[in-house]
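Below is one structure, written out as structure tokens, with a few remarks after it.
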Amino acid sequence: MKKIILILVSLFMIFGCIEYESKDVADRNRVFKSDNNFYVYYNGKFIEIPKGTYIANDKKIENYYIKKIVNKSELLNDLNKYFPDKIEYVTKGEKPKESIKLPVITSNGKTYIDSVKLEKLLVELPTRVAAQNDKENIVAEDKPVSLEGKTIEILNANGVDGFASSLGDALKAKFKIVYNAENYTQEENYSYIINNKLDENAVNELLSSLSLKYIKKMKPGQIKPDADLVIITGKDVDTGFKTEIMSAAENSAITEKLKAYTPVFTKADKYKDIDLKKLSGIQINYNPEDYYTAYKLGKLLNTTNLVEDPSLKDSIIILTKD
């Protein structure tokens, strides 16, 4: 009997089976199951995930649920590879009156998420606004800006046919921009942004709608100087970019939040002249050319404490007390 109890307790600890009541997190991004259907509530819209859809290469959406036990951590980690504003909770929930079908694609008899079409869908949704009563150090809301009529050149350097046009259509629908889509001269692992004429707040607003991870900042006027902004969409793989977390603690909770960036964790008492044990909040150190990557990391970690460090090369160092 004791052995059975221990096994049940172990399962509870591993999978975190308790789900939030949806009313407790009604306005937060979440995933839930209703009867045999699966849904994501994301930035104000319900998205239905068809049963049988592979979220990871070897795991369907229903495989994360074992009767009433949910492998919450793994489910959220795998879903958040597709959702830039992040799914935060696994909840209970009732079937919504209206929902959007998740774009899927079939290959070798298996149904997968169509990431290109999903990106186009998500960019048309509003970005998340941090709750006013959030007790964490949150990213300050940028002043409202208008991108209507701004010209954006989108150059496809990731080898995915039609990606630039799909992205352009989505940005046009959301921001009313004018765009031109072309293939770049060569494929790139990094993505690049060239801000020729826009206010930085406008670029940040646009950036929040892009799922690109590793983005370099290029000097204005280098490519398509007549455009207000140029986006070169890279592969986001094999960049060699290093995201390092330095903490005074044995481990840090933010490592999990940045899983998509495969961060390296280092325990340390100091970074240069900074005593990590006395550090308040989170500090992101970055090379100026990596500002846009640092900005996106700041969004994930709810911090605006970004510090330029020209000595860094293809790396970002995130400092935290714990």
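Numbers below:
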{"read-out": "Scan of the range 173-192 for residues that are touching a strand residue (DSSP E or B) at 6+ places or on another chain (Cβ under 6 Å) and of a type outside the set (F, W, Y), ordered by number", "value": "I177, V178, N180, A181, E182, N183, S191"}
{"read-out": "Contacts under 6 angstrom Cβ, first residue in the range 90-115 being in a strand (DSSP E or B) and polar (S, T, N, Q), partner loosely packed, with under 14 Cβ neighbours inside 10 Å and at pLDDT 90 or above, 6 or more apart", "value": "T111/G52"}
{"read-out": "Qualifying residue in the range 187-195 (condition: in contact with an Asp or Glu (Cβ under 6 Å, 6 or more places away or on another chain) and either surrounded by 15 or more Cβ atoms within 10 Å (Cβ to Cβ) or free of Cβ contacts under 8 Å to residues at least 24 places away in the same chain (or both))", "value": "yes"}
{"read-out": "Some residue of the range 73-88 being surrounded by fewer than 13 Cβ atoms within 10 Å (Cβ to Cβ), of a type in the set (D, E, K, R) and at pLDDT below 85", "value": "no"}
{"read-out": "Selection count, the range 163-222, where residues are at positive phi and of a type in the set (K, R)", "value": "1"}
{"read-out": "Single residue of the range 291-322 satisfying the filter (outside any loop (DSSP other than H, G, I, E, B) and among the basic types (K, R)) that is farthest from N29 (Cα to Cα)", "value": "K296"}
{"read-out": "Check on I61, open to solvent by 20 Å² or more (accessible area, probe 1.4 Å) and touching a Phe, Trp or Tyr at 6+ places or on another chain (Cβ under 9 Å)", "value": "no"}
{"read-out": "Some residue of the range 239-248 being of a type in the set (F, W, Y) and modelled with pLDDT under 95", "value": "no"}
{"read-out": "Y179, sole failed condition from (1) open to solvent by less than 50 Å² (accessible area, probe 1.4 Å); (2) at pLDDT 95 or above; (3) among the aromatic types (F, W, Y)", "value": "(1)"}
{"read-out": "Residue within the range 239-252 that is within 21 Å of K172 (Cα to Cα), of a type in the set (A, V, I, L, M, F, W, C) and touching a residue at least 60 places away in the same chain (Cβ under 8 Å) present", "value": "no"}
{"read-out": "Pair list, Cβ under 8 Å, 6 or more apart: the range 264-287 residue in contact (Cβ under 8 Å) with a residue 60 or more places away in the chain and farther than 17 Å from L312 by Cβ, other residue open to solvent by less than 30 Å² (accessible area, probe 1.4 Å) and of a type outside the set (D, E, K, R)", "value": "G281/T303; G281/T320"}
{"read-out": "Lone unmet requirement of (1) in a loop (DSSP other than H, G, I, E, B); (2) in contact (Cβ under 8 Å) with a residue 60 or more places away in the chain; (3) among the small types (G, A, S) for A260", "value": "(1)"}
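The values are calculated or read from the model by the stated rules, or taken from the named source; none is laboratory data. The structure presented is a predicted model; accordingly, all values stated were derived computationally and were not measured. Here the Cβ is made from the backbone with ideal geometry for all residues, glycine too, and neighbour counts use every protein chain on show. All accessible areas refer to the heavy atoms of the entire protein, side chains included, with ligands and DNA or RNA removed. Shrake-Rupley method; radii C 1.70, N 1.55, O 1.52, S 1.80 Å.
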